[in-house]
1. Looking only at residues that are within 26 Å of Leu168 (Cβ to Cβ) and basic (Lys, Arg) in segment 99-143, which one is farthest from the chain's Cα centre (by Cα)?
2. So which pairs qualify, if the first residue must be in segment 80-104 and on the phi > 0 side of the Ramachandran plot, the second must be not basic (Lys, Arg), the Cβ gap must be under 6 Å, and the two must be at least 6 apart or on different chains?
3. Give the residue that is surrounded by the fewest Cβ atoms within 10 Å (Cβ to Cβ), with candidates limited to residues of segment 65-92 that are among the basic types (Lys, Arg) and in a loop (DSSP other than H, G, I, E, B).
4. Is it true that Thr62 is touching a strand residue (DSSP E or B) at 6+ places or on another chain (Cβ under 6 Å), assigned to a helix (DSSP H, G or I) and farther than 26 Å from Gly157 by Cα?
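Taken together, the values in this text are just the output of simple stated rules run on the coordinates, not laboratory data. Predicted model only: the values in this text are computed from it and were never measured. Cβ placement follows ideal geometry from the backbone for every residue including glycine, while neighbour counts extend to all protein chains displayed.
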Amino acid sequence: MADFVGAIDQGTTSSRFMIFDHSGNEVGRHQLEHEQILPQAGWVEHNPVEIWERTSAVLQSTLNKTGLSADDLCALGITNQRETTVVWDRNTGRPYYNAIVWQDTRTDRIASALERDGKGDTIRQKAGLPPATYFSGGKIQWILENVDGARAAAERGDAIFGNTDTWLIWNLTGGRDGGMHVTDVTNASRTMLMNLETLDWDDELLGFFGIPRQMLPEIKPSSYTAGYGTTRATGPLAGEVLITGDLGDQQAATVGQVCFSPG
């Protein structure tokens, strides 16, 4: 019987995996750091492939430590560093560029131009955010404008975007072999691209950044009993586990939402 729940905490400096029992007691964990890449002043990047490899390793290590398997897990949840931006090829799984981290300030000119052009008030009204370097919209725009081939790939539907939650879910659920391209509202709300009233991507906001809508993941509730997808037996868990929780900013309350709450 599946009596445990797993929680991936993909943070700014490390990735960890924890397993909890039905009473909420932690029964095992493992954590690994990843490299902080600082190409120049104000720029902060991560290697998305390294993040996926570290996440895979902590999943496997925690199962090994506890003597548990995927069959013992009733569900899986993810918390993550919000705003950090990954753009990758859905056909190959290769990132077009390093993940641009929430701390990165290279998009200050993009944010300033939005204010100067009178678009800031619309972003505030629709997305509930001021134009700022933190948020994902400007980071996606920067990648499309500065990485060779990225915009053309986005226009034809090959280049897709996600924060680190979306990147991990896509890989866990099959990657280029049918991986699910999804996120939740807490992550989508920090992109400057989601309309707070509709809880969906907003075409006017996408136009401000020149972002093709087909790049973006489907937005789901943070606690979603139907699931964001199922892990593959060929993946790091070596079994099928439904992913039912996704929450930005390392909020470990996901654990309570993932499996044990009613509904």
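1. The qualifying residue farthest from the chain's Cα centre (by Cα) is Arg106.
2. Glu83/Trp102; Glu83/Tyr134; Glu83/Phe135; Glu83/Ser136; Gly93/Gly175
3. Applying the filter and picking the extreme gives Arg90.
4. Against the criterion (touching a strand residue (DSSP E or B) at 6+ places or on another chain (Cβ under 6 Å), assigned to a helix (DSSP H, G or I) and farther than 26 Å from Gly157 by Cα), Thr62 qualifies.
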